Amino acid sequence: MSLKGKFALITGSSRGIGRGIALKLAEHGVKIAIHYYKHQEAANDTLAKAREHGANGLVIQGDVTRPEDIRRMFDRVQSEFGALDIFVNNARPDLAAFYRPPLDITPDQWQMALDSQARAFLLGAQASSRLMRDGGRIIAITYSPSGRTGSWQPWVGMGAAKAALDALVRYFAVALARRGVTVNGISPGGVLGAPNTIEGGVLATLPSEVQRAVQAWHESGWTPMGRLGTPADIGNAVMLLCMDEASFITGQILHVDGGASVMDPVFPLDIQRG
């Protein structure tokens with residue numbers, strides 16, 4: 001099934017997971033609005049790579065924690081594209097903006113996390129639905145363990161924001177179902193690109209010794225497939241949800257993690273393996 005000729009806006013698509021999504025959709029002929037906040041050079045590079053795949057597009061700057069910037073982004077999309085078929089809510093602030101444990105996080109850091117996820121998705125889903133043709137796709141990049149775990153202590157602000165994001169996916173799925181617009185979330189596991197590149201998820205922003213430890217942990221078996229994910233893995237999942245064949249899938253959170261989410265943390269790996 002071809003996606004050729006469709007229009008997409010992907011927030012946070014200059015680098016990392018967003019870039020992987022943009023390039024995967026571009027491979028299938030989707031015209032991409034590449035959003036960035038700070039990294040214009042990376043956004044331009046992503047657009048250049050998309051054009052190598054034969055897909056055109058544009059670059060849009062904006063701060064997704066500011067409602068006026070979100071409005072401006074969608075106004076630009078309407079002006080350039082005239083319509084929208086795919087909206088992917090992916091952007092998140094740098095770790096320093098929110099990465100503090102529960103007893104230390106400030107109200108401003110807490111608000112930054114919530115505004116960048118739950119409020120940005122709320123406003124983005126509203127705006128995209130007004131531009132979206134029937135049968136469109138709205139996808140949130142989330143992290144669903146946030147709603148049921150508390151062990152990653154400095155993630156508390158983003159964890160709460162991602163839990164709210166998961167809830168909004170379900171509400172918008174119901175609100176837009178009659179139009180055939182599907183709303184789903186994708187929950188990546190660990191995602192790490194090649195060293196010294198602009199690829200990778202949140203892991204790529206952590207110290208190198210932490211990255212190595214996480215990689216070894218998952219390769220040892222805590223991810224059954226024995227590896228971390230890549231931005232292209234997440235792009236593949238987005239592409240699948242955008243196909244016509246996925247038109248009856250809505251309100252769901254899809255785990256794209258090599259099976260990590262089905263592992264039982266109570267038992268050591270040797271016992272689980274039998």
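If you go through the stretch 73-123 and keep only what is without any contact (Cβ under 8 Å) to a residue 12 or more places away in the chain and under 16 Å from G62 (Cβ atoms), you end up with D75, S79.
Quick one: in the stretch 143-189, of everything that is among the aromatic types (F, W, Y) and more than 19 Å from H255 (Cβ to Cβ), which residue is surrounded by the fewest Cβ atoms within 10 Å (Cβ to Cβ)? Looking at residues that are among the aromatic types (F, W, Y) and more than 19 Å from H255 (Cβ to Cβ), I get Y171. The single condition from (1) under 24 Å from Q117 (Cα atoms); (2) touching a Cys at 6+ places or on another chain (Cβ under 9 Å) that V30 fails is (1). Of A127, A140, A120, all but one fail to be hydrophobic (A, V, I, L, M, F, W, C), in contact with a Ser or Thr (Cβ under 8 Å, 6 or more places away or on another chain) and crowded, with 17+ Cβ neighbours inside 10 Å; the exception is A120. If you filter the stretch 217-252 down to residues that are at pLDDT 95 or above and of a type in the set (V, I, T), you find that the one that is surrounded by the fewest Cβ atoms within 10 Å (Cβ to Cβ) is I249. The residues in the stretch 1-42 that are aliphatic (A, V, I, L, M), part of a helix (DSSP H, G or I) and crowded, with 23+ Cβ neighbours inside 10 Å can be counted, and the count is 5.
Against the test of being modelled with pLDDT of 95 or more, closer than 27 Å to V181 by Cα and either in contact with a His (Cβ under 7 Å, 6 or more places away or on another chain) or of a type outside the set (F, W, Y) (or both), the options G157, G124 yield a single qualifying residue, G124.
Here is a check on your reading of the model: is R100 farther than 18 Å from I17 by Cβ, basic (K, R) and under 21 Å from the mean Cα position of the chain (by Cα)? So R100 fails the test. Name the residues in the stretch 140-163 that are in contact (Cβ under 8 Å) with a residue 24 or more places away in the chain and closer than 14 Å to S187 by Cβ, would you? Correct list: A140, I141, T142, Y143, S144, P145, W155, M158, A161, K162.
The values are calculated or read from the model by the stated rules, or taken from the named source; none is laboratory data. As the structure is a computational prediction, the values presented were derived from the model and not from experiment. In this analysis, Cβ positions are derived from the backbone assuming ideal geometry, glycine residues included, and neighbour counts consider all displayed protein chains.
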